[in-house]
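Report on the structure given below.
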Amino acid sequence: MNRRGVTGLSSTRLVVFGALVLSLMATLAGRFVQLQVLEADRYASIAEDNRTRDVVHAAMRGQIVDQAGRPLVTNRSSLVITADPTTLRKQRDGGAAVLARLGRLVGIPGPELAARMRPCGTPRAPRPPLCWNGSAVQPVPLVKDASQDIALAVMERARTFPGITAEVQGVRSYPAPFGANATHVLGYLQPVSDAELQKQQQLPKSQRWLLRTDLIGRSGLESRYDRQLRGKPGLTQLIVDRQSRVVGSREVRQPTTGDTLVTSIDGHVQAVAEKALAESVQLSRSRGYRADSAAIAVLDVTNGNVLALASWPTYDPTIWVGRIDNAQYQALLDPKRGIPLLFRPIQGLLPPGSTFKVITTAAALKTGWSAGTRIPCPPTYMVGRRKLSNFDGEAAHALTLPEALEMSCNTVYYRIGHALWLRDGGLRPKRKPAEAIYHEAKAFHLGRPTGIDMAAESSGRIVGRQERKDRYERMKPVWCRRAKNGYPEYKNRPSWAAYLKAIAAENCVDGDQFRGGDAALFAIGQGDTLVTPLQMAVAYAAIANGGTLWQPRLAKAFVSPTGKVTRVIKPKVAGKLDLTPAQLDVLHQGLRLVVSGGTARGTFAGYPNDQYPVAGKTGTAQMGGNNLQETSWFASYAPATKPRYAVVAVVSQGGTGASSAAVAVRKVYDGIFGVQAGKADPQRSILAGGGPVRGLPKFRDDGTAVVPKAKPTATPTPTPSTAALAPLFTLALLAVWRLPRRRPRR
Amino acid sequence: MAEQTAAAVAGRGNPRNRELWLLVVAVLIVAAGLANVDLTVSGAVSAISIRISITIAAAALAAHVAVRLRAANADPLLLPLAVLLTGIGTTVIHRLDLADELRAVSRGEPVPTAKAGAQATWFVVGAAAMALTIIAVRDHRRIQRYPWTLTLLGLVLVLAPLVPGLGRTIRGATLWVSIAGLSFQPAEVAKVVLTIGFASYLSRHGRALGALRARVLGIPFPRPRDLGPLLTVWALSLSVLILQRDLGTSLLFFGVFVVLLYIATEQRSWPLIGLLLFSAGATVAWSMFAHVQVRVALWLDPFTGDGTSQVALGLYGLANGGLFGAGLGGGYPQLVPFAESDFIFASLGEELGLVGCIAVLLVYAVLVSRGLKVANTVRDRFGLLLAAGIATVIALQTFVVLGGVTRLIPLTGLTTPFLSSGGSSLVANFIMVGLLIRMSHAARTPAAATGSVAYADIAAPRHDTGQPTQIIELPTAEPRR
């Protein structure tokens, strides 16, 4: 049959077309030969990046040292048992048996170890921080701080534990010189979060030092100076062949240890302050006070250096090392334990009470009262129909301004506050009311953060006429609703509920009014005023140094791992007080009288006031709250003749200023001035050399500081270097131990 | 003897038994490949690989039964070749799934959905579509009755993604249609419909278009009015290019029409005119559209910038493969963007090497040659054009994609037939295989056969033109008694 007869077509065209198709295929085949064989090397060299694998080595984190060079945070080597996921996966059972054996050795069930190896986000993986958030090919650390016996057992029986190794890793350690804890100042580390890694992508490539397995500072100095402390990770490029076998390596960059942070903290002063604070809390409690929390700050008034900054309750910083467990974390946030995570010196908000009176005095001196003016100090003072009384009904005839500070006579300040309020027009204020006390408080930088180099500082609250109006606009609906409905949540305490309802009713009607009573209470540091202990310390330091408000700071300098100073942080002036020397002198006089003959005399009995006179002010602040006890304050500086230190302590619900806070402050001065048996001796000072270090401590070229010899009174600390050597020694031992195993046996 | 070699390849006996054996071989190759991937990457064969192997085996067996029942005399190579290609594709996709999973896990990102399982499912759908084609189309000649309807339907399908609310633009090309949450590429279905339309149109009017008028440079040229159909298809292709920014589909449609026009009219002038029109269209497109310029620029210099363009990464991969490849699971094919679809051949080339590439290329060549063999043996004009058209679609698409990946020609963005991840493409390709099987059965069944299977294999090669045909015509088995 003729094909053409059926289809009308010959197959010639198909043949031609078929030949064309085959030639196209042949062209492709030729191209593959060219690409994959003939020119493969050319492309391979262009694409070398695709055949190298980067292995990163975390850098050692920088140390944090105190002003004398004593380490506050350093690194210690820890034996870590790691498991290589690739090796384990190649086991017949996926490594379950190996992990079970390891589990019996370390006392953790095998399945839990397996869970720790699961990458975060995969099925059956536990939640962070228990799951593994590193790379899938990187060895997973399973057990931290393993004993040397365990490490030995694992390394020695490599065949029983394939893929399991013991490694020495650096973890944070806290040498705690003289027992100084300083937890809140130092801060803690936590695994880096996804958000932080994302944020890093916006930085230029040369600044992206954060690795997925890294820890990052989450609070305190560790957080504030994380970038400088972190160091730069090292990088080794492994060259792999097509079967992923490593055929060579190239060290691209060695890891660089982070810089050492030199702080203004003095380990010994910190230790003494912490101890004194804890003792004052116990003292208050022994007298029936709750003493729920406390804070202390020690500043160098000449430059704003923070010598000590402590909070009570505190906690052990080592709970963050490795892995914090849930119970420990909940305890840090437990109100019944006083929320130890809070850093009271910068986060605690308290009414300043009588420590505020220096500000009222300064305002009075600026508005016409003079040092010698005698102001009556009756037991009570009437503001309109409201009767305000002295603390415990004390009274004196008539007092000069310094004497009023000495006696802490409330009625004197009521009178000043009320008079200034009337001068401003009272309830019908002038167009531009002077608000002298309010502006003086602002001049002392109350109501705004001090700017210390720590995160999450509170700004406190100073309420003047404008703030009151603003708050009224905001709160009016709430107050008026409460005035109508009362406080049913307090139905088992009807009198308290009625009191609150009355206040709400009053506020609903004229909550925007800055009343005479408000002005009077403001003058004695009560009412709506809230400050942080550090704000008061800065204010008193300014009085002491002649009117300079320093920005308190903790970081003084950074020193490279080779001992070179890489950055010096200069002290910063935050502001100046607008007070003449004569006006400041009135404050000095009054504050000295407080200690020599006034409210704090008893507390400073036996203190060598002739050698290193202390100037200070007690405060016993009423908390305007629900059945709260008074706050014990003592704000001070010394030596009054040539001020150097400002010390402020506060014990919340701790009783009178003199009975608790002042006791702690005295202990700090006793230490700083080397007071023993009523005599001060600079030789016995807890500050080596009798005062803060001038400039910076000296550093050797290995990055360690030349630390002054500890005083005989100091508690000896173990030298960290030998402690760090122990695990290294073990590893060396292991290396030797393993050698005979290579020989064939039997 | 060539006959014996072919017989050895296909196995002896009943063509369906040979097909069954070849299918067993194909499925075993795929299962071994999947196991190889798993063992290299994770050290153990995964459940998903076993599931994929079983799915492919079951679907292939079902398709085979359909062929056995309804197209018993069909070419035994067509189905196994298609199954082998799909299986190799699924293996590479599975390998990329594992790489993506590993990367996501090491970066702490959510693990992306695995695509290999879906591909196996699509294979089931494709095999079903193929079986349905064979069962529904009892005589392929029936589908040539509607040239205009089919061409119009093809046109509607091609342009469907442009309908607002229906179309989806993904990666700059408007190729997808989304209905009730399911999205598919209508151009893939249009590929089948238009090929049928072209074939039926040309089987009727081809002769008329073959009339010649003037000679230019010694080559006879058609009458100007006969240029109409070609110009229409040219305009259609250009509109696809302009409106949908889809270079590949545009080129494919035009190419298939030109090839069929040439086969139908036997006039050499048609390919020349086609080439001229193509050049004109390409030049206009290049000068007017930025996305075309980008493609050309990346073709001329793929290593521009930091050397990580898709083409450059694909070339690195191929070069890394070398002669024998990095081995399944041993390379880094995941580094190439869209490694599982457009660039699947770069992944394959990296891990299976030149040897693997040539092997897969040969599978394509054999598949296309079997298609041309059907064209050559089928007894009707429409069947010839349809079979040739299908072979052209597969050949042209393979060449355009692989040419793009190997930087022979600019990258156009077509799926690699049978290999690429994606349902619409796979289903369309299997429908085409179904049509080839249907026509092959018709060609290999004696005209007078009454359904008896005793002489099912008797259809002899039918070349009486005296031309050397061995190039394309793989001999069939000798007629048996």
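The values are calculated or read from the model by the stated rules, or taken from the named source; none is laboratory data. Predicted model, so just to flag it, every value in this text is computed and none were measured. For neighbour counting, all protein chains shown are included, and Cβ atoms are generated from backbone atoms with ideal geometry for every residue, glycine included. SASA here: full protein model, heavy atoms, side chains in, ligands and nucleic acids out. Shrake-Rupley method; radii C 1.70, N 1.55, O 1.52, S 1.80 Å.
Listed here are the residues, each with its yes/no results for (1) farther than 24 Å from B:S425 by Cβ; (2) more than 9 Å from every other protein chain (Cβ to nearest Cβ); (3) open to solvent by 30 Å² or more (accessible area, probe 1.4 Å).
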site	(1), (2), (3)
B:L300	yes, yes, yes
B:Y316	yes, no, no
B:Q334	no, yes, yes
B:D342	no, yes, yes
B:C357	no, no, no
B:G371	no, yes, no
B:L385	no, no, no
B:I394	no, yes, no
B:R407	no, no, yes
- Verdict on B:L323 being closer than 30 Å to B:L77 by Cα, open to solvent by 40 Å² or more (accessible area, probe 1.4 Å) and facing chain A (nearest Cβ under 10 Å): yes
- Single residue of A:I359, A:I319 found to be modelled with pLDDT under 90 and touching an Asp or Glu at 6+ places or on another chain (Cβ under 9 Å): A:I319
- Query: Which ones in region B:206-240 are at pLDDT 75 or above and open to solvent by 70 Å² or more (accessible area, probe 1.4 Å)?
  - Reply: B:R207, B:L231, B:T232
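Of the residues in region A:99-119, how many are within 14 Å of chain B (Cβ to nearest Cβ) and either open to solvent by 30 Å² or more (accessible area, probe 1.4 Å) or part of a helix (DSSP H, G or I) (or both)?
2
Scan region A:19-42 and give yes if some residue there is modelled with pLDDT under 75 and open to solvent by less than 10 Å² (accessible area, probe 1.4 Å), otherwise no.
At the first step, the residues of region A:19-42 found to be modelled with pLDDT under 75 are none.
No: region A:19-42 contains no residue that is modelled with pLDDT under 75 and open to solvent by less than 10 Å² (accessible area, probe 1.4 Å).
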- Query: When you go through B:A63, B:A58, B:A72, B:A32 one by one, which is the residue that is modelled with pLDDT of 90 or more and crowded, with 17+ Cβ neighbours inside 10 Å?
  - Reply: B:A63
- Query: For A:K476, which of the numbered conditions (1) closer than 25 Å to A:A520 by Cα; (2) open to solvent by less than 50 Å² (accessible area, probe 1.4 Å) fails to hold?
  - Reply: (2)
- Query: Only one of (1) part of a helix (DSSP H, G or I); (2) open to solvent by 20 Å² or more (accessible area, probe 1.4 Å); (3) among the β-branched types (V, I, T) is not met by A:V665, so which one is it?
  - Reply: (2)
- Note on the structure: Conditions (1) under 18 Å from A:G353 (Cβ atoms); (2) open to solvent by 10 Å² or more (accessible area, probe 1.4 Å) -> A:T580 fails only (1)
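Suppose we filter A:E251, A:E279 for residues that are acidic (D, E) and not assigned by TED's automatic domain parsing to the domain that holds A:A705; which single one remains? Full working, then the answer.
On the way: A:E279 fails: not assigned by TED's automatic domain parsing to the domain that holds A:A705.
It is A:E251.
Residues in region A:161-169: is at least one among the hydrophobic types (A, V, I, L, M, F, W, C), more than 26 Å from A:R218 (Cβ to Cβ), open to solvent by less than 20 Å² (accessible area, probe 1.4 Å) and modelled with pLDDT under 85?
Step one: of region A:161-169, the residues among the hydrophobic types (A, V, I, L, M, F, W, C) are A:161, A:164, A:166, A:168.
This time we only want the ones that are more than 26 Å from A:R218 (Cβ to Cβ), so: A:161, A:164, A:166.
Cutting the leftovers down to open to solvent by less than 20 Å² (accessible area, probe 1.4 Å) gives us A:161, A:164, A:166.
Subsequent filtering for residues that are modelled with pLDDT under 85 retains A:166.
The answer is yes, given that some residue of region A:161-169 is among the hydrophobic types (A, V, I, L, M, F, W, C), more than 26 Å from A:R218 (Cβ to Cβ), open to solvent by less than 20 Å² (accessible area, probe 1.4 Å) and modelled with pLDDT under 85.
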- Message: Against the conditions (1) modelled with pLDDT of 80 or more; (2) more than 14 Å from chain B (Cβ to nearest Cβ), where does A:A58 fall short? Just the number, please.
- Response: (1)
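For region A:454-469, which positions are more than 32 Å from the chain's Cα centre (by Cα) and open to solvent by 30 Å² or more (accessible area, probe 1.4 Å)? Don't jump to the end; show me each part of the working.
Applying the first criterion (more than 32 Å from the chain's Cα centre (by Cα)) to region A:454-469 yields A:465-466, A:468-469.
Answer for region A:454-469, where residues must be more than 32 Å from the chain's Cα centre (by Cα) and open to solvent by 30 Å² or more (accessible area, probe 1.4 Å): A:Q466, A:K469.
Of all residues in region A:565-589, which are in contact with a strand residue (DSSP E or B) (Cβ under 8 Å, 6 or more places away or on another chain) and not aliphatic (A, V, I, L, M)?
Going residue by residue through region A:565-589, those that are in contact with a strand residue (DSSP E or B) (Cβ under 8 Å, 6 or more places away or on another chain) are A:565-569, A:571-577, A:588.
Result: A:T566, A:R567, A:P571, A:K572, A:G575, A:K576, A:H588.
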- So is B:R138 basic (K, R), in a helix (DSSP H, G or I) and modelled with pLDDT of 85 or more or not? no
- Identify all residues within region A:417-442 that are open to solvent by less than 30 Å² (accessible area, probe 1.4 Å) and within 27 Å of the chain's Cα centre (by Cα); write none if there are none. A:A441
- Query: Could we say that B:A365 is facing another protein chain (nearest Cβ under 10 Å) and buried (at least 24 other Cβ atoms within 10 Å of the Cβ) here?
  - Reply: no
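Among the residues of region A:583-606, how many are in a loop (DSSP other than H, G, I, E, B) and either at negative phi or open to solvent by less than 20 Å² (accessible area, probe 1.4 Å) (or both)?
Quick first cut of region A:583-606, residues in a loop (DSSP other than H, G, I, E, B) only: A:597-606.
Of the ones still in play, those that are also either at negative phi or open to solvent by less than 20 Å² (accessible area, probe 1.4 Å) (or both) are A:597-605.
So the answer is 9.
Just to check your reading of the model, which residue among A:L299, A:L332, A:L309, A:L350 is open to solvent by less than 10 Å² (accessible area, probe 1.4 Å), more than 30 Å from A:L696 (Cβ to Cβ), among the aliphatic types (A, V, I, L, M) and touching a Pro at 6+ places or on another chain (Cβ under 8 Å)? Give the steps one after another, and end with the answer.
Working: A:L299 fails: more than 30 Å from A:L696 (Cβ to Cβ); A:L309 fails: more than 30 Å from A:L696 (Cβ to Cβ); A:L350 fails: open to solvent by less than 10 Å² (accessible area, probe 1.4 Å).
The unique qualifying residue is A:L332.
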- Of (1) open to solvent by 70 Å² or more (accessible area, probe 1.4 Å); (2) touching a Lys or Arg at 6+ places or on another chain (Cβ under 6 Å); (3) among the charged types (D, E, K, R), A:D512 satisfies all except one. Which? (1)
